[in-house]
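The structure appears right after this line, and notes come after that.
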Amino acid sequence: NYYRLVQIDADNNTHYFETRKILNARNSKTSVLVLPNPVSKEVTAFININRAQRVSLSIADMNGKILKTKLSFLREGNTGVTMPVMDLAKGIYFLQVSGEDFKEVQKIIKR
């Protein structure tokens with residue numbers, strides 16, 4: 001889902017906030033959803049975790065060579081973490097998302 005807030009002041013000045021992506025997952029188990037796929041400029045991993053923890057995202061090529069890494073501390077619930085992929089050549093890559101108590105790998109296609 002996507003949402004965007006609009007603020008209208010008492011003097012009728014209007015401010016549009018940045019559009020945000022959200023993932024509504026209702027279970028308590030860990031899950032990772034990668035969007036969009038295929039990717040062109042950036043990839044977002046929507047991560048649902050049942051407790052706050054450090055999370056590592058890595059993009060590897062078909063040979064297993066790590067090309068990009070991003071570390072984050074995420075709160076319990078659903079969070080979208082975005083990584084730029086503009087500098088990667090077209091092809092198939094693997095996005096590994098791992099935390100203190102989970103690890104998941106998703107295939108991504110760069111076009």
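The values are calculated or read from the model by the stated rules, or taken from the named source; none is laboratory data. Remember, it's a predicted structure, so these values are computed and weren't measured experimentally. Here the Cβ is made from the backbone with ideal geometry for all residues, glycine too, and neighbour counts use every protein chain on show. Note: areas computed on protein heavy atoms with side chains; ligands, DNA, RNA excluded. Shrake-Rupley method; radii C 1.70, N 1.55, O 1.52, S 1.80 Å.
Look at (1) at pLDDT below 95; (2) open to solvent by less than 30 Å² (accessible area, probe 1.4 Å); (3) of a type in the set (S, T, N, Q) and you find that Asn12 fails only one, number (2). Among the residues of the stretch 65-85, those that are touching a residue at least 24 places away in the same chain (Cβ under 8 Å) and farther than 14 Å from Asn50 by Cβ comprise Leu67, Gly80, Val81, Thr82, Met83, Pro84, Val85. Restricting to the stretch 86-111, name every residue that is over 30 Å from Asn50 (Cβ atoms) and in contact with a Gly (Cβ under 8 Å, 6 or more places away or on another chain). Hit for the stretch 86-111 is Lys110, nothing else. Only a single criterion out of (1) modelled with pLDDT under 95; (2) assigned to a strand (DSSP E or B) is not satisfied by Glu100, namely (2). Residues in the stretch 56-84 that are over 11 Å from the mean Cα position of the chain (by Cα), assigned to a strand (DSSP E or B) and among the hydrophobic types (A, V, I, L, M, F, W, C) were compared, and the one that is surrounded by the most Cβ atoms within 10 Å (Cβ to Cβ) is Ile59. Kindly evaluate Gln7 against the criterion of being open to solvent by 30 Å² or more (accessible area, probe 1.4 Å), touching a residue at least 40 places away in the same chain (Cβ under 8 Å) and not in a loop (DSSP other than H, G, I, E, B). Considered against the rule, which asks whether it is open to solvent by 30 Å² or more (accessible area, probe 1.4 Å), touching a residue at least 40 places away in the same chain (Cβ under 8 Å) and not in a loop (DSSP other than H, G, I, E, B), Gln7 comes out as no.
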